[in-house]
Amino acid sequence: MSLKIYNTLVRQKEEFKTIVEGRVNIYVCGPTVYGHSHIGHAKSYVSFDIVVRYLRYLGYKTLYVQNITDVGHLTDDADEGEDKIEKQSKKDRVHPMQVVETYTRSYFEDMDALGVVRPDISPRATGHIIEQIEIARDLIKKGFAYEKNGSVYFNVTKFKEYGKLSRRPPEEMEAGARVDVNPEKKHAADFALWKKAESEHIMQWQSPWGMGFPGWHLECSAMSMKYLGETFDIHGGGMENQFPHHECEIAQSECSTGKQFVKYWIHNNMVTVGGQKMGKSLGNVINLKDAFKKYSPLVVRFFILQSHYRSTLDFTDEALEGASKGLEKLLNTIRNLREEIEKLRKLEDRKIDAQDSSFKSQDSGFIDLAGFKKAFGEAMDDDFNTPQAIGILFDLNREVNTILAGGKTNMQTLQSIDALYNELGGTVLGIIPSHVETQTSSGADENDLIQFIIELRTEARAQKLWAMSDKIRDGLKNLGIVIEDKKDGTTWRRG
RNA sequence: GGCGCCGUACCCAAGUGGUAAGGGAGAGGUCUGCAAAACCUUUAUGCGGCGGUCCGAAUCCGCCCGGCGCCUCCA
């Protein structure tokens, strides 16, 4: 088996082949930082996090670039309207760059919480004005763009392949255009590479066409090609950006270089809330910081990965609760597994001291770890099928629980299982933390106190004082400590 | 109007030609003082409907019904 990726350019799954052997260059459209991130961002960046994690897991030396859009993204994609950052800065009465800084930090804070591995390079549009001007100049020189009143527009009629990604040729655009045609443009579908700035516009730069600022699409071409080359392997982004954003990126880049821009286009689907699209105009946007108050970031991540990245994800309390329970089940097993390993380690130390070799002869249930690993890989190879991969983790879970319950274990098997969980659920999916809290994993005074209370309860139970022992258990539960009586003693966890 | 997606049990969700993964919820059982956890069994002769192709279809084709998205904002 080898990795297959659904390429929007050809609308089907293709075998993944890198441009340079063993290396992958990937660019993903980053956020426009004028507000806090919402669950749509979470779905998008968790999805691409999986792409990057899996590529690295497969051994590809992966360079991941994701931009921060801090200028040029207008409130209207038809090159009209205000700059989003400037608009927010007026609202908050702070400098645009303060808006940018505030929400960039907020973005990374949320992504870190979700376990999203940071991009290798997070370039900002304002830091690449020179590169953007250079492409605009080049396109004018080559006859693909024209200047009008201090603004520069790309002439879509000069690029016969315009529309190849979104399958939306410009001829068809004109008829159904909803927006008024900008009189500066030769064709309704022409888009801005550079916009003339009015004097009150705070963010503006010197250019060959006077003071102005870059068009939204241009930054991605400039920054991706600067760091990844004129042709690179993967470009990702949200489905809604297929048109016009990505279509425009292709036009600018390919006309400028004369080469193919990107080999594989990956687009992730959208989040709906209660069956409806999530959008500002509908007022149903769920910010991550709010969502995290109710569901842990790990639950949100797990929930996202339980559906495929090309499917829409419906955000409902019922579904999140289900995901929360499911993840708890998975992590419970990991906790029990690691506690068992801890227990055996202590036992082993003692036995070795006593020169008793009988301990090691204990047999364990057979578990086909290689088979699970293979099945997991096949799921991921099939266009990053995380729901199926998670299903396999649950299959593994059942077998591990059976082994743990049977009590016939040995160190080596348990450690191999733990290593596999770490590899598949940890490194690749990022849903199994390397440290799941156990009663032995942290040694605070509080833990000793809990242990002491449990001992008292054990004594009460020995005397069959059920009312008392139940009272202790209920009391601890109210404090967030869950007690479980097992064959060989009582364990506890924070629940 | 143009382009596209989806409809799988009570809920979420894989499966895209070979006879329905997984999670949640529910039911029964084992273990346990009880509980929890765990395990076992169980819950779609059927995958929106109707036709068609095929030895064989949830999967391919056609029509119909229903829901949604992009072409404004938004990942």
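Compared with the dominant Cα axis of chain A, that is its longest principal axis, helix A:39-57 is turned about 70°.
In degrees between 0 and 90, to the nearest 10, how far off the longest principal axis of chain A does helix A:369-381 point, with axes built from Cα atoms? The two axes meet at around 20 degrees.
With an 8 Å Cα cut-off and a minimum separation of 6 or more residues, compute the relative contact order for the range A:4-315 in percent. Contact order relative to length: 24 percent. Mean projected area of the convex hull spanned by the Cα atoms of chain A, taken over all viewing directions: 28.6 nm². Across the range A:153-167, computed HN-Hα scalar couplings (Karplus, 6.51 cos²θ - 1.76 cosθ + 1.60, θ = phi - 60°) run 10, 8, 8, 5, 5, 7, 10, 5, 8, 4, x, 6, 7, 8, 6 Hz from first to last residue, x flagging Gly and Pro. Across every pair of non-identical alpha carbons in the range A:36-94, the mean reciprocal distance, once inverted, gives a Kirkwood radius of 14.2 Å. For the pair residue A:412 and residue A:296 in one chain, pulling the backbone fully straight at 0.36 nm per residue adds 38.5 nm over the alpha carbon distance. For the pair residue A:142 and residue A:346, the difference between a 0.36 nm per residue extended length and the Cα-Cα distance amounts to 66.1 nm. Taking the accessible area of chain A, probe 1.4 Å, and keeping the other protein chains in place, the carbon and sulfur fraction comes to 50%. Averaged per residue, chain A has 47 square angstrom of accessible surface, using a 1.4 angstrom probe with ligands and nucleic acids left out.
In this Cβ point-charge picture (+1 for Lys and Arg, -1 for Asp and Glu), chain A has a dipole of about 380 debye about its Cα centre. Normalised by residue number, the volume inside the convex hull of the Cα atoms of the range A:100-207 is 183 Å³ per residue.
Output needed for the range A:445-494: three equivalent-ellipsoid semi-axes, defined as square roots of 5 times the C-alpha gyration tensor eigenvalues, in descending order, whole Å.
Equivalent ellipsoid semi-axes, largest first: 16, 12, 10 Å.
In this rough spin-label picture, where each label sits 7 Å from Cα along the Cβ direction, the residue A:401-residue A:329 distance is 0.6 nm.
In this simple spin-label approximation, residue A:199 and residue A:434 carry label points 7 Å from Cα along the Cα→Cβ vector, and these lie 5.9 nm apart.
Loop-located GluC sites (Glu not before Pro) across the range A:138-244 with a Cβ neighbour count of 11 or fewer within 10 Å are A:198, A:200, with loop assigned by DSSP. Do any of A:43/A:294; A:464/A:486; A:160/A:263; A:343/A:464 go past 22 Å between their Cα atoms, and which? Pairs exceeding the cut-off: A:343/A:464. Reducing the range A:1-15 and the range A:24-96 to their Cα centroids gives an inter-centroid distance of 24 Å.
Tally the DSSP beta bridges in chain A and give the antiparallel ones as a percent, rounded to 5. If you can, show how the numbers build up before the last one.
Working: 26 of 48 bridges.
So the antiparallel bridges amount to about 55 percent of the total.
3J(HN,Hα) along the range A:112-123, derived from phi through the Karplus expression 6.51 cos²θ - 1.76 cosθ + 1.60 where θ = phi - 60°, amounts to 4, 4, 7, x, 7, 5, 5, x, 6, 9, 10, x Hz, with x in place of Gly and Pro. The spacing between the range A:102-127 and the range A:217-281, judged by their C-alpha centroids, is 18 Å. Counting only alpha carbon atoms, the long axis of helix A:411-421 and the longest principal axis of chain A meet at about 20°.
Of A:142/A:259; A:142/A:164; A:91/A:195; A:329/A:477; A:277/A:373, which ones are farther than 25 Å apart at the Cα? Working shown, then result.
Working: A:142/A:259 14 Å; A:142/A:164 21 Å; A:91/A:195 22 Å; A:329/A:477 18 Å; A:277/A:373 37 Å.
The pairs that break the limit, which is 25 Å between Cα atoms, are A:277/A:373.
The values are calculated or read from the model by the stated rules, or taken from the named source; none is laboratory data. What you are looking at is a predicted structure, and each value in this text was computed from that prediction instead of being measured. Glycine gets a Cβ as well: all are built from the backbone with ideal geometry, and neighbour counts include every protein chain shown. Heavy atoms of the whole protein, side chains included, go into the accessibility calculation; ligands, DNA and RNA do not. Shrake-Rupley method; radii C 1.70, N 1.55, O 1.52, S 1.80 Å.
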